[in-house]
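A.B. asks: For reference, the structure I am asking about is given below.
The values are calculated or read from the model by the stated rules, or taken from the named source; none is laboratory data. Everything quoted here is computed from the prediction, not taken from an experiment. Don't worry about glycine lacking a Cβ; one is built from the backbone with ideal geometry, like all the others, and counts go over all protein chains shown.
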Amino acid sequence: MTGQLRYDQLNTSCDGIPTAVAHSAQCAANDSVDPNVQFYETAQFITGIILYPIIIVIGLTGNTLTMIVLSHNKMLTSTNVFLTALSVSDIIKLLNDTLYFLVSILLRRHPLAGNRMLGCMYPFSHYVFNESVCVSAWLTVSVAVERYISVCHATKARVVCTIHRARIISALVFVSMSLVAVPSAFRYKGVRHRDVATNATTFSIELSALGRNRRFMTVYTWIQNLFRSIIPLFVLIVLNALIIQALRQERISGKRMSARNRITLMLIVVILVFIICIFPDAIMSTVFGFGYVDESSLVKGIREFTDVLLSLNSAVNFMIYCFCSRSFRTTSREIFCQRFVNSRQLYHSVRSKVSTYKETPQADIQMTYNGHIRYAEAERLDLVAMTAEDALLVSNGHQMAAYSDQQLAEYTDQQLSAYTGPQTYL
């Protein structure tokens, strides 16, 4: 895997980098048996060392920003509840891929450390991989079902598509898919080996007693494939076709595109990207019956790229939202840009007031102080019975008190400079 840490990396390495349990003679033997070893290892290098860091950085950043934006009060809708949960699942998937990247680096730089890390974490990582992919698949299905109801059964949407119901469904998806993936956590085990000659401890990943139960694993693998790819793909293709047909009919009838339909188009793009990214993995797992272990190097090399597509699917949604959703872009600017704009405005306002204050004579400053006192006295007058003289006093008090802002501005400028420095807002 790449998304899922493959333990076969522990056994051979034919790119000239020694591992804890490999020898060059084994590499030569493998090359003679399987001519695609070089392709497999090149695929590992391209995906594990080059592509994964880029996808991980973009994906973790984008999904974190997505969660912040969609959690904003003005963005709180049932659809966005599903999309927020999808971002959480994608982050889990990408963090798991980060571990794969670290292991790939260690296996090339410090083979013993990489071997130890892979041996300890692989069973857990294998579970997280399957759990996160299943959760993402069914959250995407949930979004598609909601859009179908909203577009094709609009009268029921207000009752059915609620925020509370979306939260419950999202929680159920996480819990149920986590349970479905549990057997994968016990499929493999790390076995410790002690090399007497070198006094080094190495690990290998072996099938557990559950993993060696062929009848159980055959049934479970099909159940997992059904929940992870087959059923979600079928449902998404059907619902997408129905939604697109409904939108086309509205367009033919001359109706203008509503905000609801613009959101629907954005989600159609999300669903199509999901279908494209998961389809190769589904074909490999179901049609050809290829797994991750005991396959030829050609199949393993292809698996590297199908797993990259799964990670890519977890990383691109933020860009889709930014490109397709005006409200998402607007809210993003309000959250991430408005604070900086306000800070600049505050700084320049304070600087302007300070400049005015520096040009104010001392006598005017004294008048400002007196103005505050007179204004405070005027505010205590009974405004209903205010005389002309009192009104003049209030007016003078307002005018004089305005000058006191200059004193406050200078103090604010000093405090602002001491705290952050004026250059922060330039």
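A.B. asks: If I go through the stretch 229-263 residue by residue, how many of them are closer than 23 Å to LEU310 by Cα and either small (Gly, Ala, Ser) or at pLDDT below 90 (or both)?
C.D. replies: 2
A.B. asks: In the stretch 293-329, how many residues are β-branched (Val, Ile, Thr), closer than 17 Å to ASP90 by Cβ and at pLDDT below 90?
C.D. replies: 0
Yes/no per residue for (1) over 25 Å from PRO53 (Cβ atoms); (2) among the small types (Gly, Ala, Ser); (3) touching a His at 6+ places or on another chain (Cβ under 9 Å); (4) buried (at least 19 other Cβ atoms within 10 Å of the Cβ):
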{"site": "LEU118", "(1), (2), (3), (4)": "no, no, no, yes"}
{"site": "PRO123", "(1), (2), (3), (4)": "no, no, no, yes"}
{"site": "ALA144", "(1), (2), (3), (4)": "yes, yes, no, yes"}
{"site": "ARG147", "(1), (2), (3), (4)": "yes, no, no, yes"}
{"site": "HIS153", "(1), (2), (3), (4)": "yes, no, no, no"}
{"site": "ALA157", "(1), (2), (3), (4)": "yes, yes, no, no"}
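A.B. asks: Follow-up. Condition check: at pLDDT 95 or above and of a type in the set (Val, Ile, Thr). Does THR64 satisfy that?
C.D. replies: Answer is yes for this residue.
A.B. asks: Further question: Taking ALA185 as the residue in question, decide whether it is at pLDDT 85 or above and either outside the structural domain of ALA85 (by TED's automatic domain parsing) or under 17 Å from SER132 (Cβ atoms) (or both).
C.D. replies: Taking the combined requirement at face value, the residue satisfies it.
A.B. asks: Of all the residues that make up the stretch 98-138, how many are among the charged types (D, E, K, R) and closer than 24 Å to LEU226 by Cβ?
C.D. replies: Looking only at that region, the number is 1.
A.B. asks: Search the stretch 178-207 for residues being in a loop (DSSP other than H, G, I, E, B) and touching a Pro at 6+ places or on another chain (Cβ under 8 Å), and hand back the single one that is surrounded by the fewest Cβ atoms within 10 Å (Cβ to Cβ).
C.D. replies: Going through the qualifying residues, I end up with PHE186.
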